[in-house]
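Asks: Let me give you the structure first, and then I'll get to my questions.
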Amino acid sequence: MSVPCDRPGFACMDFKGIKFELPVRYEAIKLIGKGTYGSVISAKNKETNEQVAIKKLSHVEDLVSSPR
């Protein structure tokens with residue numbers, strides 16, 4: 001389902017409460033999976049017809065350690 005997107009050149013999709021911001025050249029197909037580190041959707045590049053998987057990481061700040 002499309003949702004409003006503030007970034008020009010991007011389309012926003014909502015998959016079960018998870019917002020993906022994709023460049024307009026991609027057509028989102030479906031949610032593939034959801035786990036500890038993020039969610040993955042299947043999408044198609046409309047320019048090349050290539051099917052891809054796109055992962056959105058969640059809580060990236062928890063995965064990256066910063067020196068103290």
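The values are calculated or read from the model by the stated rules, or taken from the named source; none is laboratory data. Remember, predicted model here, so these are calculated numbers, not experimental data. Here Cβ is always computed from backbone atoms with ideal geometry, including for glycine, and neighbour counts include all displayed protein chains.
Asks: Is it true that GLU47 is part of a loop (DSSP other than H, G, I, E, B), among the charged types (D, E, K, R) and modelled with pLDDT of 90 or more?
Replies: It is true that GLU47 is part of a loop (DSSP other than H, G, I, E, B), among the charged types (D, E, K, R) and modelled with pLDDT of 90 or more.
This table checks each residue for (1) closer than 18 Å to CYS5 by Cβ; (2) free of Cβ contacts under 8 Å to residues at least 24 places away in the same chain; (3) within 11 Å of the chain's Cα centre (by Cα).
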position: LEU22; (1), (2), (3): yes, no, yes
position: ARG25; (1), (2), (3): yes, yes, no
position: TYR37; (1), (2), (3): no, no, no
position: SER42; (1), (2), (3): no, yes, yes
position: ASN45; (1), (2), (3): no, yes, no
position: GLU50; (1), (2), (3): no, yes, no
position: ALA53; (1), (2), (3): no, yes, yes
position: LEU57; (1), (2), (3): no, yes, yes
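Asks: Show me the strands (runs of 3 or more DSSP E) entirely contained within the stretch 1-40 in which 2 or more residues are charged (D, E, K, R).
Replies: Fully inside the stretch 1-40 and qualifying: 18-23, 26-35.
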